[in-house]
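For reference, the structure discussed in these notes is given below.
What follows is calculated from the coordinates using simple rules that are stated; it is not laboratory data. Note that the structure is predicted; figures quoted are calculated from it, not measured. Note that each Cβ is placed from the backbone with ideal geometry, even for glycine, and that neighbours are counted across all protein chains shown.
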Amino acid sequence: MPRRRSDAQAPRPAVEPFMLRVRDVAAFLGVSERQIFIWVREGILNPVRIPGLRAVRFTREAVERLARKWAGESETTIQLTRQLTPETATLLR
C-alpha cells in the first residue's frame, strides 16, 4: 500500500506572494538586504509596515516597477541612482 504524504511534505501551490520580505526583494534585485533598507530611508522603496511587528514587507508591484525602471535606463544611470548617499557609494566599492 503506498504511503500518503503528510501535510508538511505536501507540495506548495505555485502562487506568487503579493507581499515580499526584505530578503526576497534583495535577491530579486541582486543587492544586499542592507541596500534595501538604505533605499527605504532614501524613499526609493516604500515598505508596508506590519502592525504589531517590527517586520516590513514590499508589494510585488512596487519591486517589479523599480526593476522595470532600471531595465529601461543605461548602466551609467543605474550606477548613479544607486549612489545617492555616501553610504551607498561605500557599499559599491
Original post:
In the stretch 41-62, which residue that is charged (D, E, K, R) and surrounded by 15 or more Cβ atoms within 10 Å (Cβ to Cβ) is farthest from Val22 (Cα to Cα)?
Top reply: Arg60
Subject >> Close pairs from the stretch 18-33: first more than 14 Å from Glu64 (Cα to Cα), partner of a type in the set (Gly, Ala, Ser) and assigned to a helix (DSSP H, G or I), Cβ under 8 Å, at least 6 apart >> reply: Ser32/Ala26; Glu33/Ala26
